[in-house]
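> Take this structure, written in structure tokens, and hold onto it; I'll ask about it next.
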Amino acid sequence: MASPATVPSFSGGDLRQVTDEAGKLLARLRVHGAGPEGSVTRLVYGAAWRDAMAEIEEWFASGGLEVRADAVGSRYGRLAGSDERVVLTGSHVDSVARGGAYDGIAGVVMAGCAVRWLAEAGGRPARTLEVLANCEEESSRFVTNFWGSRAIVGAIEPDEVERLVDEDGITIGEAMRACYLDPARIGEARRRDLAAFVEPHIEQGPVLAQTGDVIGVVDSIVGVRGLRVRLNGTSGHAGTMPMSHRRDSLAGAAEVVLGAEQRARQLGAPAVATVGRMHVLPGGFNQVPGSADFTIDFRHPSQDVLDELEAGLRSLVERVAAERGLEAKIERHLVQSGTRFDDGIRALLEQACREVEVPWRRMPSHAGHDAQLIARLCPTGMLFVPSQGGHSHRPDERTEIEHIGSAIQVLIRTLFRLAYAD
């Protein structure tokens, strides 16, 4: 890791200019996928996603960065150094359906502002600096489990191109081809040149908003698992099928939803369990549901607790199915171990917070992020800025522009020490 170095001066005028630039770019980017009540829907490989990527490419280039796209459509803005080893920073461009305008994309903007400022004020770095505009993280269109960062670490399986299908029956391979990306070349996105990665992101929770801290230096990410459940019963006429003869898959799913919530509450914080997606057939208002497909997301820092919670959830589904005469199928679709970030990068982030004289705290992340995958390849760190009210994944998601400006200052100092020192 690079040793500490003197950061180029960052005046009040510079701060206002960079903060204004960040605010204007966020306003332009939220147009791509704008929906009702201020929501944003920017799904990977869709029209809004393509438009946002084009805007980001233009912004990278206007700051003197060399622009390229990788094999899955992530964009990079490169400031070449004398060493080909890369200090990478950035986040993701896609959003959840009807989400907000800051999750992911604010991290791209903060990283880009920092690297563009260093390109002008710091000159040529010793190590190459790159900004990442990651193609996909949210699994909102396809159940992809960090598609962009899995490509970076070489963890995409060949059959996923045709196996992953959206709600309209489009495979992720077809969606890629519509964006002039060749699924056969996915392996070319694998990175072997990373020296470090720093991901800026909004917190998506209430801690910083409640404590009044402006920066969260993230030291770890909790483990995440996901189950995909199908309950099959018998559909029929809502009026003529007696209650005594019913095998109602939705009623069974409802019991599982409540049971999952109860199990997480019994374990206590920080355990959480969520059913966030459900599809019921045949779907008529006057038809008894014959099948229900849904997901269960559950999280905890301890692998032992995750094992216990998973065993309990599987037992719950099997019991409900047996009692209601349903057929049950349970599959794992997500397994993410907990991640501890690099102590050296964490120390640099904390040093920068002290120098900028901004209130900060060390904290874990209870949400998954690209940084936990890229940490397999290189020393990795992460910083949070507050989500107003703790809100995220909803239209009223918001982060104060002054907090984004403070994070850019912290990021500039951290990236300088990683990329410019000998």
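Readers should treat all values here as calculations from the given coordinates under stated rules, not as data from a laboratory. Computed from a predicted model, the values in this text were never measured in an experiment. When we count neighbours, we look across all protein chains shown, and the Cβ atoms used for this are built from the backbone with ideal geometry, even at glycine.
> Can you sort 201, 300, 391, 333 from fewest to most other Cβ atoms within 10 Å of each residue's own Cβ? Walk me through the numbers on the way to the answer.
Values: 201 31, 300 24, 391 19, 333 14.
Exposure proxy ranking, most exposed first: 333, 391, 300, 201.
> What residues of the stretch 377-401 lie in the reach of a label at residue 343, counting those whose backbone N is under 20 Å from a point 7 Å from the Cα along Cα→Cβ?
Counting backbone N atoms under 20 Å from the label point, the list is 377-383.
> Could you quote the convex hull projected area for the stretch 57-120, Cα atoms only and averaged over all directions, in nm²?
On the way: hull surface 19.8 nm².
Taking a quarter of the hull surface, the average projection is 5.0 nm².
> Counting helices only, and only those DSSP H runs with n ≥ 4, report the 222 nm mean residue ellipticity of the chain as the sum of -39,500 (n - 2.57) divided by its residues, in deg cm²/dmol to the nearest 500.
Estimated from H runs of four or more residues: -11500 deg cm²/dmol.
> In sequence order, what are the phi-derived ³J(HN,Hα) couplings for the stretch 204-214 according to the Karplus relation 6.51 cos²θ - 1.76 cosθ + 1.60 with θ = phi - 60°, rounded to whole Hz, with x for glycine and proline?
Listing the rounded values in order: 6, x, x, 4, 5, 4, 7, 8, x, 6, 9 Hz.
> Related question: Where does helix 401-419 land angle-wise versus the long Cα axis of the chain, in degrees 0 to 90, nearest 10?
70 degrees
> A further question follows. Tell me, what HN-Hα J-couplings in whole Hz come from the Karplus equation 6.51 cos²θ - 1.76 cosθ + 1.60 at θ = phi - 60° for each residue of the stretch 86-102, using x for Gly and Pro?
10, 9, 9, 8, x, 7, 9, 9, 6, 10, 6, 5, 6, x, x, 9, 10
> When the C-alpha atoms of the chain are aligned to their principal axes, what extent does each axis show, in angstrom, from largest down?
76, 45, 39
> Please determine, in degrees from 0 to 90 and to the nearest 10, the orientation of helix 12-29 with respect to the longest principal axis defined by the Cα atoms of the chain, where the helix direction is its Cα long axis.
30 degrees
> If you plug each phi of the stretch 189-200 into the Karplus form 6.51 cos²θ - 1.76 cosθ + 1.60 with θ = phi - 60°, what whole-Hz ³J(HN,Hα) values come out, in order, with x for Gly and Pro?
6, 4, 9, 10, 10, 7, 9, 6, 9, 10, 10, x
> On a full-extension model of 0.36 nm per residue, what is the gain between residue 311 and residue 47, subtracting their alpha-carbon distance, rounded to one decimal in nm? Could you put the intermediate results ahead of the total?
Numbers: separation 264, 0.36 × 264 = 95.04 nm, distance 4.09 nm.
In short, 91.0 nm is gained.
> First obtain the Kirkwood hydrodynamic radius of the stretch 84-143 from its Cα pairs, then insert it into the Stokes-Einstein equation at 20 °C and 1.002 mPa s, and state the resulting D in µm² per second as a whole number.
Working: Rh = 12.7 Å.
This corresponds to a translational diffusion coefficient of 169 µm²/s.
> Now, a different point. Using the alpha-carbon atoms, what tilt in degrees (0 to 90, nearest 10) does helix 47-62 show relative to the longest principal axis of the chain?
10 degrees
> Counting alpha carbon pairs within less than 8 Å and at least 6 residues apart, what relative contact order, in whole percent, applies to the stretch 267-422? Numbers along the way, then the final one.
Values: 121 pairs, mean separation 25.2, N = 156.
Over the stretch 267-422, the number comes to 16 percent.
> For the chain, what relative contact order do you get, as a whole percent, if you take Cα pairs closer than 8 Å and at least 6 residues apart? Before the final figure, lay out each step's value.
Working: 945 pairs, mean separation 100.3, N = 422.
Computed value for the chain: 24 percent relative contact order.
> Please rank 6, 89, 339, fewest neighbouring Cβ atoms within 10 Å first, as an exposure proxy.
Working: 6 9, 89 28, 339 23.
The most exposed by this proxy come first: 6, 339, 89.
> Can I ask one more? Just to be sure I understand the model, the point goes 7 Å from the Cα along the line to the Cβ. What's the resulting residue 331 to residue 174 distance in nm?
In this crude spin-label approximation the distance works out to 1.8 nm.
> Another question about this same structure. Among 65-72, 218-225, what's the highest-first ranking by average C-beta atoms within 10 angstrom per residue? Spell out each step's value before the answer.
Numbers: 65-72: 18.6, 218-225: 21.2.
Ranking, from highest mean packing down: 218-225, 65-72.
> Under the Kirkwood approximation applied to all pairs of distinct alpha-carbon atoms, what is the hydrodynamic radius of the stretch 297-422 in Å?
By the Kirkwood definition, the hydrodynamic radius is 18.0 Å.
> With the crude spin-label approximation of a point 7 Å out along Cα→Cβ, what separation in nm comes out for residue 243 versus residue 185?
6.2 nm
> At 0.36 nm per residue, and after removing the present C-alpha to C-alpha distance, how many nm does the segment from residue 376 to residue 357 gain when stretched out fully?
Numbers: separation 19, 0.36 × 19 = 6.84 nm, distance 3.17 nm.
Taking 0.36 nm per residue and subtracting the Cα distance, the gain is 3.7 nm.
> I need the per residue convex hull volume for the stretch 1-143, using only the alpha carbons, in cubic angstrom as a whole number. Numbers along the way, then the final one.
Details: hull volume 16.5 nm³, N = 143.
Cα-based convex hull of the stretch 1-143, divided per residue, equals 116 Å³.
> Using 20 Å as the cut-off for backbone N distance, which residues of the stretch 389-422 belong to the label zone defined by a point 7 Å from the Cα of residue 120 along Cα→Cβ?
401-417, 420
> Determine the relative contact order of the stretch 223-336: mean sequence separation of Cα pairs under 8 Å and six or more apart, normalised by residue count, in whole percent. Let's see the in-between values first.
Numbers: 221 pairs, mean separation 51.2, N = 114.
Computed value for the stretch 223-336: 45 percent relative contact order.
> Give the value in nm², to one decimal: projected area of the alpha carbon convex hull of the stretch 335-383, averaged over all directions.
Values: hull surface 14.8 nm².
That works out to 3.7 nm².
> Tell me, in nm to one decimal, what length is gained between residue 281 and residue 34 on full extension, where the rule is 0.36 nm per residue of separation less the Cα-Cα distance?
Computed gain between residue 281 and residue 34 is 85.9 nm.
> From zero outward in steps of 5 Å, how is the percent of C-alpha pairs of the stretch 223-336 spread across the bins?
2, 13, 23, 22, 16, 11, 7, 4, 2, 0
> Rg and Dmax of the stretch 129-171 over Cα atoms: what are they, in angstrom?
Over the stretch 129-171's Cα set, Rg and Dmax evaluate to 11.4, 39 Å.
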